[in-house]
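Working notes, structure below.
The values are calculated or read from the model by the stated rules, or taken from the named source; none is laboratory data. As the structure is a prediction and not an experimental result, all values here were calculated from the model. Note: ideal-geometry Cβ built from the backbone for every residue, glycine included; neighbour counts use all protein chains shown. What goes into the accessible areas is simple: the full protein's heavy atoms, side chains included, and nothing from ligands, DNA or RNA. Shrake-Rupley method; radii C 1.70, N 1.55, O 1.52, S 1.80 Å.
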Amino acid sequence: MAVRTTQLVRVGRRELELSNLEKNLYPSGFTKAQIIDYYTRIAPVILPHLRRRGVTIKRYPRGTNERVFFEKECPAFHPPWVKTDSVPRQLTEGDINYCMINDVASLVWVINLDAIELHVPLARTSDWDRPREMVFDLDPGEPATLLDCCRLGLRFRDVLLNLGLRSFPKTSGGKGLHVYVPLNTPGVTFDDTKQFAHAVAKIFEKQEPRHIVSNMKKSLRKGKVFVDWSQNDRTKTTVCAYSLRAKGKPTVSTPVTWKEIEHAAEAGETSGLTFEAGEVLSRVKRIADLFAPVLNLKQKLPA
Ligand code: ATP
Ligand code: MN
């Protein structure tokens, strides 16, 4: 019979009961204690990216190889100090009542639910129809790889710069690359960002139809990079910067510099762009949060 072990810990002003800390949740060996430890240490840089956004959590009670529980609604048994905020549903009546991860204690409480991945929308709950940033999700269709995404990403950087927009890349911690364009200007809508992202994706596709595709259909993706522009929607989420991924190893969606992407593209080799929890913690000590500008750089989409 499985015995549930618990441990009381203090996080700031809060006392939390953590459970089954010794449970291994990754095939490569990474326990729940290590997951909670990672999130506690990464808190100073991940929290700004979680704050004021409704978090979708992916829970893996039996490990990353087993069934995932995908939750938007904050569990009813949350303690009163874990704040919630609601956003109207798109397709049905009613609201989604999200957990708000605004402080370390709330973060640890959520992670203790066997949550491994944290996903966020592009808008805050208070302005759920106003994107703070635009995203291009570059997905390699086999045999295309992250290397192809890097090469294309650099072209995105240049085209966007020509339009007066700085962009910021992060690895997904999975197969591809995410390119963020901070906006942080009032008035911009998801219609604006989605149309703009779609137009850019179609221009790239037209230039290189053998390597780039802007159509969602999985069958069209083989050997190409799919530029997912449709993520720019109020109902969509993207994995949060610094979130762990539930893979074979504890990889992290990691902000990187364009220089690092250039180096990988020049070397024809992307092994330097896979980061696990420990490496991310030492990177952040060294170079702080490369994604900080995504939260505050104000930019305007060209007309
Ligand atoms: P990869 O680089 O391997 O593609 P990814 O995180 O970009 O990793 P995608 O499948 O491209 O994964 O999806 C992009 C984002 O869309 C995810 O980060 C996630 O937030 C969201 N997403 C993906 N699949 C689902 C799903 N089935 N339900 C809800 N949201 C999803
Ligand atoms: Mn992707």
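Residues that are under 26 Å from L244 (Cβ atoms), within 15 Å of ligand 1 (Cβ to nearest atom), assigned to a helix (DSSP H, G or I) and open to solvent by 50 Å² or more (accessible area, probe 1.4 Å): does the stretch 140-160 have at least one? Yes - at least one qualifying residue is present in the stretch 140-160. Might you let me know whether the stretch 146-165 holds any residue that is within 16 Å of ligand 2 (Cβ to nearest atom), assigned by TED's automatic domain parsing to the domain that holds E15 and touching a strand residue (DSSP E or B) at 6+ places or on another chain (Cβ under 8 Å)? Within the stretch 146-165, none of the residues are within 16 Å of ligand 2 (Cβ to nearest atom), assigned by TED's automatic domain parsing to the domain that holds E15 and touching a strand residue (DSSP E or B) at 6+ places or on another chain (Cβ under 8 Å).
Assessment of the stretch 176-185 against the conditions (open to solvent by 10 Å² or more (accessible area, probe 1.4 Å), in contact with a Phe, Trp or Tyr (Cβ under 9 Å, 6 or more places away or on another chain) and under 26 Å from E279 (Cβ atoms)) yields at least one matching residue.
Okay, residues lined up against (1) under 20 Å from T125 (Cα atoms); (2) open to solvent by less than 10 Å² (accessible area, probe 1.4 Å); (3) out of contact with any Leu (no Cβ under 6 Å at 6 or more places or on another chain); (4) within 15 Å of ligand 1 (Cβ to nearest atom):
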position: G164; (1), (2), (3), (4): no, no, yes, no
position: G174; (1), (2), (3), (4): no, no, yes, yes
position: T193; (1), (2), (3), (4): yes, yes, yes, no
position: F226; (1), (2), (3), (4): no, yes, yes, yes
position: T237; (1), (2), (3), (4): yes, no, yes, yes
position: R245; (1), (2), (3), (4): no, no, yes, yes
position: T254; (1), (2), (3), (4): no, yes, yes, yes
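If you check K170 against the conditions, is it in contact with a Pro (Cβ under 9 Å, 6 or more places away or on another chain), under 24 Å from E276 (Cα atoms) and open to solvent by 50 Å² or more (accessible area, probe 1.4 Å)? Judged against the criteria, K170 is not a match.
Pick from L47, L21, L16: which is in a strand (DSSP E or B) and either in contact with a helix residue (DSSP H, G or I) (Cβ under 7 Å, 6 or more places away or on another chain) or among the aliphatic types (A, V, I, L, M) (or both)?
L16
Taking the numbered list (1) within 30 Å of R210 (Cβ to Cβ); (2) assigned to a helix (DSSP H, G or I) in turn, V110 passes all entries but (1). Just one of the listed residues (D114, D95) is under 19 Å from the mean Cα position of the chain (by Cα), away from ligand 2 (no atom under 16 Å from the Cβ) and at pLDDT 95 or above, and it is D114.
Inside the stretch 201-217, can you point out the residues that are of a type in the set (A, V, I, L, M, F, W, C), in a helix (DSSP H, G or I) and open to solvent by 10 Å² or more (accessible area, probe 1.4 Å)?
Looking only at the stretch 201-217, we keep the residues that are of a type in the set (A, V, I, L, M, F, W, C), and these are 201, 203-204, 212-213, 216.
Going one step further and asking which of them are in a helix (DSSP H, G or I), we end up with 201, 203-204.
Result: I203, single match.
Each residue in the stretch 266-291 was checked for being more than 19 Å from the chain's Cα centre (by Cα) and crowded, with 19+ Cβ neighbours inside 10 Å, and 1 pass.
Being over 22 Å from S282 (Cα atoms) and either assigned by TED's automatic domain parsing to the domain that holds L290 or surrounded by fewer than 19 Cβ atoms within 10 Å (Cβ to Cβ) (or both) is the filter here; which residues of the stretch 21-56 pass it?
Taking the stretch 21-56 and keeping what is over 22 Å from S282 (Cα atoms), we get 21-25, 27, 51-56.
L21, E22, K23, N24, P27, R51, R52, listed by residue number.
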